[in-house]
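Have a look at the structure below before the remarks.
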Amino acid sequence: MKKVVLLFSLVLLVSCFDHSVSVVGDKRMQVSGNILDTQNIPLENLNVIASGSESTMLNARPEEILGEGFTNVAGEFSFVSLDTDNSFYGVSINHPDHQNYDIDYATVHFLDSIGTRENSFEFVNINLPKTQRFELRIKNTTARSDTLFYRFSYPATEFYQGLNSNTIDDNSYRFQTEREYWNRLLPGEGEMTIVTPTLANSSIQFKYKFRAEAVYDTINVEITPENPVYEFNF
């Protein structure tokens, strides 16, 4: 039997109550900057969104958006944002929920806590890494009767940074730049395939063992656009 698991970069938590983002009177903030790839080539037509949120996750729902813009041919953007005094505030670059989302590049959110903030924010030379699809294939090719316990960690394609370094706990889960998945393959299951987006030209750490009390063995796997699949046979 073959199983296929599709992973996503973030687990979305949907609130069970409505939250209204309160706008601060006539305050306006200037948001500007420029976006490059990892080779310092400007990235054009990427969305940049300022939004408020009841939590530390920037969903950028229409009713939460406080301003938005797009990068030009030089990778530059500039727009005016409203402010909020009852919500977290953040600026998202290449937000995945926007119609102009570019699936080939990562997403970065700059998050600020609830409270007062400055009148302008400038994001200079923000480098976005490319993303790619990674596929892990696990096969029991010898009809082995043991249970395979496995886990692997991989770079996230969507991550958070503090807009102001002193206002956010950057040790929280939201600010982790790696994701981890773990599972087991039972005798008779035969095959498992896990598919997830990750960063191009990165590495995956795959760990496995055949007894629950055993120590994991570790394999480091280099992931490139030319090598998007790792197959583990036992």
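The values are calculated or read from the model by the stated rules, or taken from the named source; none is laboratory data. These figures come from a predicted structure and were not determined experimentally. Here Cβ is always computed from backbone atoms with ideal geometry, including for glycine, and neighbour counts include all displayed protein chains.
For residue 84, state whether it is assigned by TED's automatic domain parsing to the domain that holds residue 222, over 30 Å from residue 224 (Cβ atoms) and β-branched (Val, Ile, Thr). Spell out how you get there, then give the answer.
Numbers: assigned by TED's automatic domain parsing to the domain that holds residue 222: no; over 30 Å from residue 224 (Cβ atoms): yes; β-branched (Val, Ile, Thr): yes.
No; evaluated as a whole, the condition is false for this residue.
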Checklist entry - If you take the residues of region 67-94 that are modelled with pLDDT of 95 or more and of a type in the set (A, V, I, L, M), which of them is surrounded by the most Cβ atoms within 10 Å (Cβ to Cβ)? => result 91
Next on the checklist: Within region 178-230, take every residue that is more than 27 Å from the chain's Cα centre (by Cα) and of a type in the set (Lys, Arg) and give me the one that is modelled with the lowest pLDDT.
Outcome noted: 211
Checklist outcome for this item: Screening 161, 205 for residues that are under 30 Å from residue 114 (Cβ atoms) and surrounded by 14 or more Cβ atoms within 10 Å (Cβ to Cβ) leaves only 161
Checklist entry - In region 38-57, what residues are at pLDDT 90 or above, buried (at least 16 other Cβ atoms within 10 Å of the Cβ) and not small (Gly, Ala, Ser)? => result 43, 46, 47, 48, 49
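Residues are listed down the side, and each one gets a yes or a no for (1) in contact (Cβ under 8 Å) with a residue 60 or more places away in the chain; (2) on the phi > 0 side of the Ramachandran plot; (3) buried (at least 19 other Cβ atoms within 10 Å of the Cβ); (4) within 22 Å of the chain's Cα centre (by Cα):
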residue: 100; (1), (2), (3), (4): no, no, no, yes
residue: 111; (1), (2), (3), (4): yes, no, yes, yes
residue: 118; (1), (2), (3), (4): yes, no, no, no
residue: 127; (1), (2), (3), (4): yes, no, no, yes
residue: 131; (1), (2), (3), (4): yes, no, yes, yes
residue: 137; (1), (2), (3), (4): yes, no, no, no
residue: 143; (1), (2), (3), (4): no, yes, no, no
residue: 147; (1), (2), (3), (4): yes, no, no, no
residue: 155; (1), (2), (3), (4): no, no, yes, yes
Next on the checklist: Need the failing condition index for residue 175 against (1) aromatic (Phe, Trp, Tyr); (2) modelled with pLDDT of 90 or more; (3) surrounded by fewer than 17 Cβ atoms within 10 Å (Cβ to Cβ), just the number.
Outcome noted: (2)
